Amino acid sequence: MRNEEVSSYESSNDYDQRELQNVHPPDWKNPEPIDKYHLVVIGAGPAGLLTALNAAKVGAKVALIERDRFGGACFNVGCIPSKTIIRTSRLYAEMRDAENFGAQVPTGISVDFAAVMERMRRVRARISRRVSAQRLSSAGVDVYFGEARFAGPDAIEVEGKRLRFKRVLVASGARPKLPSIPGIAAAGYLTNENVFDLAQCPRRLLVLGGGPLGCELAQAFSRLGSQVSIAQDDPMFLGNEERDAAQILSDAMARDGIGIHLNTETINVRMEGNQKMVDLASDDYKFSLSVDEILVGIGSAPNVEGMNLEAAGVDYDKEAGILTNDYLQTSNPQIYAAGDVCSEKKFPHIETAAADLVVHNALFWGREKLSVLAIPWCTYTDPEIAHVGLYVKEAREKGIPVKTFTVMMHEVDRAITDGEDEGFVKIHVREGTDKILGATVAASHAGEMISEISMAMSAGIGLAALARVNHPYPTQSQAIKIAATAYQATISSPIRKWLRKQWLSH
Ligand SMILES: Cc1cc2nc3c(=O)[nH]c(=O)nc-3n(C[C@H](O)[C@H](O)[C@H](O)COP(=O)(O)OP(=O)(O)OC[C@H]3O[C@@H](n4cnc5c(N)ncnc54)[C@H](O)[C@@H]3O)c2cc1C
């Protein structure tokens, strides 16, 4: 029996109860505050949890305040539930394509949506132990449940208790940005905060927004049997990514049968009986879609309200969040901010990096900068799109000359044997050197592959050294070695030219 499996008497409700016991125990009693904390952390999402844990490990007196559930958006309504249902949806897609792999599966496989969601709850309940309030408390952190609010530049109030501090980390995260489309509020819509509570798979689903959230969930729901359309006002998905990576994703989603509407604005939503009629416009072409549910993934808004940040002298912007310098310090030098409440790129591993940085900078007078870190990210569609470092456009804007080494996945043996030969690895170096500036990987396992390049960048390892790294054969990450070898060929060519000249002259 695999760990993930459990005895059959446990139901979705049992998993939810088990999870709640970890992430917000109903009978939790807040402790009595000590005289003064070295560090008070607001928000127990990835950024806050890790910072509190790391600070406690080095002996600091730490308080952690959470108003809702430990684990924050990532654990409860983000990375974990989405990746879990994506896994099942991929399995259904593979069954659909089984014949291409020479395998036979019974025809007419039907999706058991309730079972998909029950597995998601089971997985979430299992992982909840790692992000539990009890775990933090056992590690020496004073855990408070309640709404945190500054009561001046050196104190925070929570549930009638006053916590005095030397340093604070605000890691209050973000919430889904709400759409201002006429009629949508009355018609009702889903966000990541309630989509994982669905009891039935929507027959027809319109996803608004073609960022990572929109693309991942559009593909997953399509593979779970929804008739999905996706509308995005930009001309391509994943606005920040390289154009050819976004195109590969667009093609893959179209192959899944998703209705793609790029350059399309949502004008209005109205109800017709039980159906939601959505009016859309692409330039002069106007059309309507009739759907059962609308999922909105148009970005997020930082949680800056209600904390009385003004009383602590912390500057913020309602859209951009808390303003920090490169050391993650706010306008009040005793107060730091990290994660989605201030970060432009919203990923929990940025929060992991930020947690280390805050502990060094806030508690040990460190001067570590966020901008020097190589932080990769990935969109977990099929194929995955991963990136680290600079994009070519960014490098050009900074006046850095770039040379790119590209390997198509159809040149990689393992990608061919696995039937996953779509996509590419692109590594950008500073022209005339082997210094890696950045990379994009569009491939089935891009999220795993990008780590090698990220590691090389963090360790200052150039492309020439990567060419000497042996990879097991056959693996998809050999694409990186092939790209690095292509770089080697460019530097050795003058030597080759010279040798050729010598041979020809004899
Ligand atoms: C559907 C979806 C999928 C995602 N998938 C991925 C992925 O695969 N990989 C990835 O890297 N990222 C992913 N993300 C992004 C990731 O979830 C966020 O970047 C991450 O959760 C941010 O962590 P955080 O600690 O900054 O904030 P949060 O996780 O939002 O946590 C903030 C916490 O602060 C608490 N809080 C707020 N205000 C107060 C207050 N006044 N007092 C007390 N507590 C307060 C909140 O209740 C919350 O628990 C995904 C996001 C979504 C929505």
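The values are calculated or read from the model by the stated rules, or taken from the named source; none is laboratory data. The shown structure was predicted, so the numbers you read here are calculated from the model rather than taken from an experiment. Note: ideal-geometry Cβ built from the backbone for every residue, glycine included; neighbour counts use all protein chains shown. The protein model used for the area step is the full one, side chains on, heavy atoms only, and it has no ligands, DNA or RNA in it. Shrake-Rupley method; radii C 1.70, N 1.55, O 1.52, S 1.80 Å.
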For each pair in Lys83/Lys177; Lys369/Lys435; Lys83/Lys398; Lys83/Lys403; Lys318/Lys403, compute the distance between the two Cα atoms and list the pairs where it is over 29 Å. Lys83/Lys398; Lys83/Lys403; Lys318/Lys403
For the range 395-446, the per residue accessible area (1.4 Å probe, Å²) is 46
Neighbour cut-off at most 10 other Cβ (10 Å), DSSP loop, GluC sites (Glu not before Pro), the range 319-402: Glu319, Glu344
State, to one decimal in nm, how far the label point of Lys318 lies from the label point of Asp284, with both points 7 Å from Cα in the Cβ direction. 3.8
Seen from all sides and averaged, what is the projected area of the convex hull of the Cα atoms in the range 22-104, in nm²? 8.5
Using Cα positions and a limit of under 15 Å, work out the aspartates and glutamates in reach of Lys393, with same-chain residues fewer than 8 apart set aside. Glu241, Glu242, Asp244, Glu431
Per residue, what accessible area does the range 127-175 have, given a 1.4 Å probe and all protein chains present, in Å²? 44
If I require 30 Å or longer along the helix axis, counting alpha carbons, and a Kyte-Doolittle average no lower than -1.0, what helices from the chain are left? Use full DSSP H segments. 478-504
Could you sort Val77, Val469 by their accessible area in this structure, using a 1.4 Å probe and putting the largest first? Val469, Val77
Gap in Å between the Cα centre of the range 238-290 and the Cα centre of the range 431-462? 33
A chain fully extended from Glu147 to Asp197 at 0.36 nm per residue, minus the present Cα-Cα distance, gains in nm 15.5 nm
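Just the number please: accessible area per residue for the range 242-384, 1.4 Å probe, all protein chains included, in Å².
47
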Counting only protein heavy atoms, what percent of the accessible surface of the chain is carbon or sulfur at a 1.4 Å probe? 50
